[in-house]
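Heads up: the structure comes next, in structure tokens.
The values are calculated or read from the model by the stated rules, or taken from the named source; none is laboratory data. As the structure is a prediction and not an experimental result, all values here were calculated from the model. Quick reminder, even Gly has a Cβ in these numbers, built from the backbone with ideal geometry, and neighbours come from all protein chains shown.
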Amino acid sequence: MDKRTISFSPPDMGELEEKQVIDTLRSGWITTGPKVKKLEKLLASFLEVDEKAPAVACLGSATASEELILRMLGIGPGDEVIVPAYTYTSSAAAAIHAGAKVIFVDSQPNSVEMDYDKVAEAITDKTKAIIPVDLGGVPCDYDALFSIVTSPEAKTQFRPLSASEDDDELTKLGANIQQKLGRIAIVADGAHALGARRILSHWSGEPEGGERKERKVGSIADFTSFSFHAVKNFTTAEGGAASWNLPFNTAEDNAVMYHWFQLLSLHGQSKDALAKTQVGAWEYDVVAPLYKCNMTDIMGGIGLAQFERYPQLLARRKAIIAKYDEACDALGVDHIVHFTNSYTSSGHLYITRITGCNDEQRREIIQKMAERGVATNVHYKPLPMMTAYKRLGWKIEDFPNAYKLYNNEITLPLHTKLSDEDVDYVIQNFKDVLKSYI
Ligand SMILES: *Cc1c(COP(=O)(O)O)cnc(C)c1O
């Protein structure tokens, strides 16, 4: 077999994306404008959160989306937020930016999902949100999560924020959402999971009495953040979006929340740049000294092109996964399961575990694959192993399952620039390299 060079996750940019970028540059409008607004509407209908008025805001990143969601919920100092130990740093960092205390929870013994019994045990009267992560594109068990937050024990412990007349409008909004919800919020990190679906009985946040419904990630949790970073399934170079699905929201509530995402992401300025270009419309107010993390129309345009191609991109990922599954099953290599009767993954990461191998052998395998031109990766080194979180007092010894998952994990390249021959090349080399290890 001739040597090939297989990158880990290059962006898939085609003619449609090029046309959109050029069109934006020539249009005279390059920052947040019509393309971002159009992308928000398309995503809202794709995620099925548009029944009562669009409930998607495109922003600068998933990290910014998660932070703004927590700020909109009035979560901050004195509050606790439950996050898996086995995830990327931003799932936890956004909560820290908002001023909350992160409480890490270990994984299940043989799954990258959080251990839901431990989630229930971690709840205190300070818990305000749980941040489940749809790792690799596989939707979490949201039925289990909603059972936990709607359980009588969790609901009686819940202390919603209260606001007085003198508080600012954002605090009032947060208090209002927390009081109406009357329970811990589920704020999903769907960074990997655009297009993933799951069959649920609790889809709108309350038990549905046995009726099972298939919902997309984005319209399951109370709030979801998505990433459009360059390595993700759907990319705008950098970028992200927040979606929300509050069971009690009216169309007006959704419009108010959308407006707050605009304020939070654009300096708290009462008029955005587009509105200010109207002749004579110079005057604006600043309602609070807020943040700056809006999406530009250049990114929005790339998103419109990706949106058009997304069904094909997802299908191609599914076909590659089928080949990897067949090869790994034949080799006896553990891998995450992307497609079952109860869920459909977005197929973001092909996570494998070389059972029996230790960290050192895993590093050798990665090195040997690299020598054969194949870039692999590790998802994830658990957060309690990182300097920042060690400094905050977390110890990996308290997360034995996350450590075991990480210890022999290797992620294979999974992206839409891979040809069938590339996939065969990855599989052949993986088999050859693994011969001396399993
Ligand atoms: C990439 C990623 C993010 C952050 O996305 P940004 O858009 O870069 O902020 C958050 N969570 C997970 C699990 C990710 O992999």
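Which members of the range 201-238 meet the condition of being modelled with pLDDT under 90 and crowded, with 21+ Cβ neighbours inside 10 Å? 202, 203, 205, listed by residue number.
Beta carbons closer than 7 Å, at least 6 apart along the sequence or on distinct chains, pair a first residue in the range 41-52 that is in the same structural domain as residue 253 (by TED's automatic domain parsing) with a second that is buried (at least 19 other Cβ atoms within 10 Å of the Cβ) and among the hydroxyl-bearing types (Ser, Thr, Tyr) for 47/219; 47/243; 48/219; 49/219; 49/243. Screening the range 206-319 for strands (runs of 3 or more DSSP E) wholly inside it with 1 or more residues that are touching a residue at least 40 places away in the same chain (Cβ under 8 Å) and of a type in the set (S, T, N, Q) returns the ranges 223-227, 240-244. On inspection, residue 50 fails the criterion of being part of a helix (DSSP H, G or I) and in contact with a helix residue (DSSP H, G or I) (Cβ under 8 Å, 6 or more places away or on another chain).
Within the range 192-202, one or more residues are away from the ligand (no atom under 16 Å from the Cβ) and either farther than 20 Å from residue 45 by Cα or without any contact (Cβ under 8 Å) to a residue 40 or more places away in the chain (or both). Would the range 18-26 turn up any residue that is touching a residue at least 60 places away in the same chain (Cβ under 8 Å), touching a Phe, Trp or Tyr at 6+ places or on another chain (Cβ under 7 Å) and crowded, with 16+ Cβ neighbours inside 10 Å? No - not one qualifying residue is present in the range 18-26. Answer yes or no: is there a residue in the range 68-81 that is touching a strand residue (DSSP E or B) at 6+ places or on another chain (Cβ under 9 Å), away from the ligand (no atom under 14 Å from the Cβ) and of a type in the set (D, E, K, R). Yes, because at least one residue in the range 68-81 is touching a strand residue (DSSP E or B) at 6+ places or on another chain (Cβ under 9 Å), away from the ligand (no atom under 14 Å from the Cβ) and of a type in the set (D, E, K, R).
Looking only at the range 264-284, decide whether some residue is within 21 Å of the chain's Cα centre (by Cα) and crowded, with 20+ Cβ neighbours inside 10 Å. Among the residues of the range 264-284, at least one is within 21 Å of the chain's Cα centre (by Cα) and crowded, with 20+ Cβ neighbours inside 10 Å, which makes the answer yes.
Count of the range 246-293 residues, restricted to those that are out of contact with any helix residue (DSSP H, G or I) (no Cβ under 8 Å at 6 or more places or on another chain), closer than 20 Å to residue 61 by Cα and among the hydroxyl-bearing types (Ser, Thr, Tyr), is 1. Residues that are assigned to a helix (DSSP H, G or I) and out of contact with any Phe, Trp or Tyr (no Cβ under 9 Å at 6 or more places or on another chain) were ranked within the range 107-141; the one that is nearest to residue 409 (Cα to Cα) is 137.
Residue 102 meets each of the listed conditions (1) more than 16 Å from the ligand (Cβ to nearest atom); (2) touching a strand residue (DSSP E or B) at 6+ places or on another chain (Cβ under 8 Å); (3) farther than 22 Å from residue 292 by Cβ apart from (1).
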